[in-house]
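Single-structure report; data block below.
No lab work stands behind these numbers, since they all come straight from the coordinates. Treat the numbers as computed from the prediction; the structure is a model and nothing was measured. Don't worry about glycine lacking a Cβ; one is built from the backbone with ideal geometry, like all the others, and counts go over all protein chains shown.
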Amino acid sequence: MILNKSNLIISFCLLASFICAINIHKIPRFSKEGEKYFVHLFFDNDRLKFEKCLIYRDCDCCFGGGPMTFDVPFTIQTHLLGNEFKFDVSSLDKKNTHVYKVLLFKNSLEVLYSDEFIYNENVDSFLRVGENYKLMHEDTTN
């Protein structure tokens, strides 16, 4: 391979994509069983060696709370396509509009994180931030 400017740029882009692939986000799913709320994240079988799993609350200066992390109970269930982490988020504050995400750590470094989610009292469930915005702002008069 001849090392010229365009090959160098392509090689740099490939290297950057491999480095960025380590820190990727997962799309959460949500469920409610009775009075308990759950966040579900699905992983391949090789992603099970996490040291720590936390729920992170973003800085919400309007309500006087800074960024916080919470330990919440979770279970791991096996499926055909991998494993499901099921987080019990019933203890999180649903009265204020705090934005949360799941953080997963390996070797004291953040490895994976979920999309941000928020509680929506109209549907009595947690939703991804983009879905919550659409629900609250779309025209439902038709």
Practice task
Would you mind checking which residues have amide H under 5 Å from S90's amide H? H placed 1.01 Å from N; only 5 or more apart, or other chain.
Solution key: Y37
Exercise for the section: Any chance you could run the full-extension gain for N4 through K106? It's 0.36 nm times the residue separation minus the Cα-Cα distance, nm to one decimal. Expected result: 32.9 nm
Problem - Theoretical FRET efficiency, 1/(1+(r/R0)^6), r = Cβ-Cβ of E35 and T78, R0 30 Å, to 0.05 - result: 0.70
Problem - Karplus-derived HN-Hα couplings along segment 68-83 (A = 6.51, B = -1.76, C = 1.60, θ = phi - 60°), whole Hz, x at Gly and Pro - result: 9, 10, 10, 7, 10, x, 8, 10, 10, 10, 8, 10, 5, 8, x, 10
